[in-house]
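Here the structure is laid out as structure tokens; the discussion comes afterwards.
The values are calculated or read from the model by the stated rules, or taken from the named source; none is laboratory data. A quick note: this is a predicted structure, and the numbers were derived from the prediction, not measured. Cβ placement follows ideal geometry from the backbone for every residue including glycine, while neighbour counts extend to all protein chains displayed. Just the protein is used for accessible areas: all its heavy atoms, side chains included, with ligands, DNA and RNA removed. Shrake-Rupley method; radii C 1.70, N 1.55, O 1.52, S 1.80 Å.
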Amino acid sequence: MCLDVDDTLVDYSASSRAALASMVGNADAWSLWQRITDDHVSRQLAGELQYVQMRNIRTQAFFAALGEELSLEEATRRELGRQEVLSAGWCLFPDAIPMLDWLRATGLPIAAISNASGRHQRVKIAQLGLAEYFDAVLIAGEVGCAKPDRVIFHTACLALGVPPGDTVHVGDRLHADAIGARDAGMHGVWINRIGPTGGTLPAGLSSITTLAELPELLVCELSTASA
């Protein structure tokens, strides 16, 4: 069993929106922030930037896009303030621990697969009491590749000692998590907490709207499909 972390177990978007609002006064530029963050995280994962350097340059680029040119020193100061609010606001979705307790009771080996960087993500996992549930933690910044690259999925399966065809991965990003897992030979499950979008679910995937639905999916649908 493999699980994404941010916005699957941890309500990261809520804490990140609050942190952004603390820095600029509101979260109206959330979409812009996400786009700039995704671009800079990709550069960091490619080895172009170190994590702390990436955060500060990302924040400088964000304010530049808003029309405010900051020195790197000032961008760093603002980013440090944002990080303090962010880490203080980390919280789990209410359905996370009940689902993890159920998985632990089944005896299934569990891995976390995250596209974040190493140190801060491990601090978050430990701070929120998640570390005890995982037999392996795969973090893109440490592995050197990110979802949807099949390498990180296969590395997780190897760490758990379970072949991809017998492994389920659950995550909130349709392409990076569910489709990436499917293309790696796993069972991809998209957790879509927003609810129906009107589109058609790509072939070979399952979808849930809450982690409370996962036990039934595993026991009824996926176990039957694997039989």
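Summary table below
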{"item": "Which numbered condition A131 fails, given (1) over 23 Å from Y51 (Cα atoms); (2) surrounded by fewer than 16 Cβ atoms within 10 Å (Cβ to Cβ); (3) among the small types (G, A, S)", "result": "(1)"}
{"item": "Every residue from the stretch 58-79 that is in a helix (DSSP H, G or I) and over 21 Å from Y12 (Cα atoms)", "result": "Q60, A61, F63, A64, A65, L72, E73, E74, A75, T76, R77"}
{"item": "Residue selected from the stretch 1-16 under the condition out of contact with any helix residue (DSSP H, G or I) (no Cβ under 6 Å at 6 or more places or on another chain) and open to solvent by 20 Å² or more (accessible area, probe 1.4 Å), by the criterion modelled with the highest pLDDT", "result": "D11"}
{"item": "Matching residues in the stretch 85-123 - criterion: being of a type in the set (D, E, K, R) and either open to solvent by less than 40 Å² (accessible area, probe 1.4 Å) or touching a residue at least 40 places away in the same chain (Cβ under 8 Å) (or both)", "result": "D95, R119"}
{"item": "Residues being more than 19 Å from M99 (Cβ to Cβ), surrounded by fewer than 20 Cβ atoms within 10 Å (Cβ to Cβ) and touching a residue at least 24 places away in the same chain (Cβ under 8 Å) - total across the stretch 145-164", "result": "6"}
{"item": "Check on R82, in the same structural domain as A19 (by the TED database), in contact (Cβ under 8 Å) with a residue 24 or more places away in the chain and either open to solvent by less than 50 Å² (accessible area, probe 1.4 Å) or outside any helix (DSSP H, G or I) (or both)", "result": "yes"}
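Residue-by-condition table, conditions (1) in the same structural domain as M99 (by the TED database); (2) surrounded by 16 or more Cβ atoms within 10 Å (Cβ to Cβ); (3) at pLDDT below 95:
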site: L20; (1), (2), (3): no, yes, no
site: D28; (1), (2), (3): no, no, yes
site: Q34; (1), (2), (3): no, no, yes
site: H40; (1), (2), (3): no, yes, yes
site: Q53; (1), (2), (3): no, no, yes
site: I57; (1), (2), (3): no, yes, no
